[in-house]
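Please read the structure below before turning to the comments.
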Amino acid sequence: MSDHPTHFETLAIRTQTPVSAEREHSVPLYLTSSFRFDDAEHARALFTEEMAGNVYSRYANPNTDEFVRKLCLLEGGDDGIATASGMSAVFTAIAARVSAGDHVLASRALFGSTHQLFTRILPKWGVSSDYADAADPSSWERLVRPNTKLIFIETPSNPGLELIDLRWLAAFAAARGIPLVVDNCFATPYLQRPLSLGANVIIHSATKYIDGQGRALGGAIIGDASYIADCRFFARHTGPAMSAFNAWLLSKSLETLAVRMDRHCANALSLAQHFEGHLAVESVRYPFLPSHPQYALARAQMSQGGGIVALVLAGGLDAGRRFLDAVQMVSHSANLGDTRTIVTHPASTTHSKLSADERAAVGISDGLIRVSVGLEHIADIIADLEQALDTAAR
Ligand SMILES: *Cc1c(COP(=O)(O)O)cnc(C)c1O
């Protein structure tokens with residue numbers, strides 16, 4: 001091996017905090033709220049940040065540092081911070097950079113809580129936002145304003161699996177001096193590296209594929225040094241820190257991200273191909289199916305199609321509900337990115353507060369079932385969904 005490994009799998013496994021006097025092989029868990037100072041001068045220098053080092057676990061901890069360093073290498077980012085959840089990462093990345101009177105431009109298809117943040121919470125502090133139509137370049141042109149402080153997007157979107165051309169939007173944002181922030185939760189750095197296409201900041205819900213086993217909440221912000229410096233200041237004094245335990249767990253999970261994503265993607269592609277053309281299924285959406293309207297873009301900016309498949313049931317809302325009641329092995333739950341296959345019906349749950357027209361605008365039809373394809377044997381996953389479709393069609 002060379003002195004400087006550069007392959008994804010190797011970085012994910014060999015990036016570790018320095019070995020302690022105990023000569024441990026696997027990184028230990030640092031369950032300590034604070035760290036001792038050598039003397040008064042040491043404490044002073046740490047607090048003024050003339051010297052780098054641990055002070056207090058709300059600021060930094062060896063486990064969160066390791067997790068973040070690894071994720072920076074995998075995403076190709078200068079710097080980053082870890083947060084307690086994906087939503088605390090989203091909130092910190094926005095709140096650290098906007099003031100009353102500022103504007104945020106976002107893509108229309110967004111995670112539900114991110115949508116609530118833009119429409120219900122930020123306006124309380126005088127921050128406005130607009131939603132652009134991801135696929136229509138003229139809508140970005142029309143909605144950007146002189147006071148737009150950041151552009152926030154998801155690609156692929158949850159759950160409609162709409163894509164945004166990262167290279168195009170990064171050039172659009174850079175030409176106006178506006179940072180582009182990308183929620184890279186669905187793709188993970190293994191499938192898509194937005195920073196290498198010109199984005200400035202990446203958000204993660206580490207709760208999803210990074211944990212990958214449905215155990216712990218976590219989030220991260222990775223990107224340009226100056227942007228992260230603002231996020232670090234904001235987080236240090238407002239307190240959305242990731243726990244050391246979760247950082248320890250999530251860092252170990254990163255070691256297996258590549259092998260897990262390969263299998264998630266292979267299973268998802270097989271499932272999408274199997275159900276395309278099925279009588280009870282009106283349409284199947286998956287970025288790496290040639291029938292996806294943005295198939296060429298998916299091939300250009302993602303290395304594989306990801307682990308989420310959208311099945312649109314022919315029978316609409318009622319068929320969706322009957323289908324959920326008929327699954328046996330597959331779980332009906334709100335998470336995604338787990339080893340276990342999970343189905344959700346956005347029209348009757350996460351997006352039930354939207355009108356049918358509003359749902360259609362974000363790519364969610366009434367019969368849409370989001371399948372987070374797990375790591376069980378693909379034949380067992382397909383068999384369970386087949387029998388549930390049969391039952392729902394009766
Ligand atoms: C789940 C999710 C989030 C929020 O993450 P939490 O860890 O649940 O707070 C943000 N964005 C996307 C795309 C998600 O799927």
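The values are calculated or read from the model by the stated rules, or taken from the named source; none is laboratory data. All figures in this text were calculated on a predicted structure; none of them were measured in a lab. Please note: Cβ atoms are built from the backbone with ideal geometry, for glycine as well, and neighbour counts cover all protein chains shown. Heavy atoms of the whole protein, side chains included, go into the accessibility calculation; ligands, DNA and RNA do not. Shrake-Rupley method; radii C 1.70, N 1.55, O 1.52, S 1.80 Å.
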*Per-residue HN-Hα couplings for segment 314-320, Karplus 6.51 cos²θ - 1.76 cosθ + 1.60 at θ = phi - 60°, whole Hz, x for Gly and Pro?*
4, x, x, 4, 5, 5, x
*What lysines could a cross-link reach from Lys252, if we take a straight Cα to Cα line under 30 Å and drop same-chain neighbours fewer than 8 places away?*
Lys70, Lys208
*Of the peptides 313-326, 73-86, how do they stack up when ordered by the mean number of other Cβ atoms within 10 Å, highest first?*
73-86, 313-326
*Within the accessible area of the chain, what % is carbon and sulfur when the probe is 1.4 Å and the other protein chains stay in place?*
53 percent
*asked:* Highest mean first, how do 192-204, 136-148 rank when packing is the count of other Cβ atoms within 10 Å averaged over residues?
replied: 192-204, 136-148
*asked:* If amide hydrogens are placed 1.01 Å from N in the peptide plane, which non-local residues have theirs closer than 5 Å to the one on Met302?
replied: none
*Go through segment 108-117 residue by residue and turn each phi into a ³J(HN,Hα) via Karplus (6.51, -1.76, 1.60, θ = phi - 60°); whole Hz please, and just put x for glycine and proline.*
5, 7, 10, 3, x, 5, 5, 4, 4, 4
*Quick one: which residues, 5+ away or cross-chain, put their amide H under 5 Å from the amide H of Ser129? H built at 1.01 Å from N.*
Val104
*Using +1 on the beta carbon of Lys and Arg, -1 on that of Asp and Glu, and nothing else charged, what's the dipole of the chain about the Cα centre, debye to 20?*
540 debye
*asked:* Quick one: 3J(HN,Hα) in Hz for segment 360-377, Karplus 6.51/-1.76/1.60 with θ = phi - 60°, rounded, Gly and Pro as x.
replied: 4, 5, 9, x, 10, 8, 4, x, 6, 10, 8, 10, 8, 6, x, 10, 5, 5
*Rounded to 5, the percent of DSSP beta bridges in the chain classed as antiparallel*: 55 percent
*So in segment 282-394, what percent of DSSP beta bridges are antiparallel if you round to the nearest 5?*
85 percent
*Enter the accessible area per residue of the chain (Å², integer; probe 1.4 Å; all protein chains in place).*
44 Å²
*Residues with amide H under 5 Å of Ser283's amide H, sequence separation 5 or more or different chain, H placed in the peptide plane at 1.01 Å from N; which?*
Val312
_Can you tell me the length gained on complete extension of the stretch Ala229 to Thr256, counting 0.36 nm per residue apart and subtracting the Cα distance?_
6.8 nm
*Projected area of the chain, taken from the Cα convex hull and averaged over every viewing direction, in nm²?*
20.9 nm²
